[in-house]
1. Can you name every residue in region 11-36 that is open to solvent by 20 Å² or more (accessible area, probe 1.4 Å) and touching a Pro at 6+ places or on another chain (Cβ under 8 Å)?
2. Restricting attention to strands (runs of 3 or more DSSP E) lying wholly within region 107-187, give those where 2 or more residues are open to solvent by 20 Å² or more (accessible area, probe 1.4 Å) and touching a helix residue (DSSP H, G or I) at 6+ places or on another chain (Cβ under 8 Å).
3. Quick one: count up the residues across region 128-187 that are within 16 Å of the chain's Cα centre (by Cα), among the aromatic types (Phe, Trp, Tyr) and within 17 Å of GLY106 (Cβ to Cβ).
4. Cβ-Cβ below 8 Å, separation at least six or inter-chain, first residue in region 97-111 and on the phi > 0 side of the Ramachandran plot and modelled with pLDDT of 95 or more, second open to solvent by 40 Å² or more (accessible area, probe 1.4 Å) and part of a strand (DSSP E or B): which pairs?
5. For the condition touching a Gly at 6+ places or on another chain (Cβ under 6 Å), open to solvent by less than 40 Å² (accessible area, probe 1.4 Å), β-branched (Val, Ile, Thr) and not in a loop (DSSP other than H, G, I, E, B), what is the one hit in VAL39, VAL50?
6. Hey, can you tell me all the residues within region 9-26 that are within 19 Å of VAL138 (Cα to Cα) and not in a strand (DSSP E or B)?
7. Looking at the structure I just gave you, is VAL99 β-branched (Val, Ile, Thr) and more than 19 Å from ALA182 (Cα to Cα)?
8. Output the residue which, of all residues in region 65-106 that are of a type in the set (Lys, Arg) and not in a strand (DSSP E or B), is most open to solvent (accessible area, probe 1.4 Å).
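The values are calculated or read from the model by the stated rules, or taken from the named source; none is laboratory data. In this text the structure is predicted, and so the values were computed from the model without any measurement. Every residue, glycine among them, receives a Cβ derived from its backbone with ideal geometry; neighbour counts consider all protein chains shown. These accessible areas exclude ligands, DNA and RNA; they are computed on the full protein's heavy atoms, side chains included. Shrake-Rupley method; radii C 1.70, N 1.55, O 1.52, S 1.80 Å.
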Amino acid sequence: MPKAADSSTRRIILAGANPGLRLFDEKGRVTAYASIWMVDWSVRGSGTAVVLWFDGIVRVVSEDVDLAAWLERYFVRSFLEVQGLPWHEPAVERDLVQVRMNLADGLSAKAADIQIEMGGVLDRRLFATDTFQLAEGVHSLSLVIAPVRSATVSIGGASVPGFVQVDGSPDRPGSSAFLTTAEVWRR
């Protein structure tokens, strides 16, 4: 594992934001996972994308399908939030992705027939690590994270079942749904 001092020599591979959510049923099982990407710059280009897991199906939606496929394969498949989910090869769809987000109010995203809403910002704080493990090795990550109280996903107008799990303390709330900004990945 690289030493913290080694992180200064890592090159930036992506800058942007990657809000995400997991919804749960009453028994604590994940009912849906979404990863929303707003890439300002990366080694693979820029653009927006949504990666959605629901009912055992992985969908990836973006106007730039090459960028979106890379985001899903390089990043999302390695995230702890998807470990244990039946993750099959995704259906990659070329379609417009529209995202509005701010750390005061929340997020609204639309991708093909997918609608995602997130709100009730609980906190805003800095997160940084030099030991984020992805399939391609150890990376550095820094971002501002804002856990939220609520999130919904609908597909074709039908609500996906599940709710956000909120935990932590009043001084440091946590949530299974969160916004991010100023996100920088280095390798």
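1. Taking region 11-36 first, the residues open to solvent by 20 Å² or more (accessible area, probe 1.4 Å) are 11-12, 15, 22, 25-31.
Within region 11-36, ASP25, THR31 meet the criteria.
2. Details: elements: 114-121, 125-134, 137-155, 166-168, 173-175, 177-186.
Answer list for region 107-187: 125-134.
3. Counting residues in region 128-187 that are within 16 Å of the chain's Cα centre (by Cα), among the aromatic types (Phe, Trp, Tyr) and within 17 Å of GLY106 (Cβ to Cβ) gives 1.
4. Going by the 8 Å Cβ cut-off, the qualifying pairs are GLY106/GLU117.
5. After applying the criteria, what remains is VAL39.
6. Once the filter is applied, which keeps residues that are within 19 Å of VAL138 (Cα to Cα) and not in a strand (DSSP E or B), region 9-26 yields THR9, ARG10, ARG11, ASN18.
7. Values: β-branched (Val, Ile, Thr): yes; more than 19 Å from ALA182 (Cα to Cα): no.
Here the answer is no, as VAL99 does not meet what is asked.
8. Start the filter on region 65-106 by keeping residues that are of a type in the set (Lys, Arg), which leaves 73, 77, 94, 100.
Those still in the list that are not in a strand (DSSP E or B) too: 73, 77.
Working: ARG73: 122, ARG77: 81 Å².
Among those that are of a type in the set (Lys, Arg) and not in a strand (DSSP E or B), it is ARG73.
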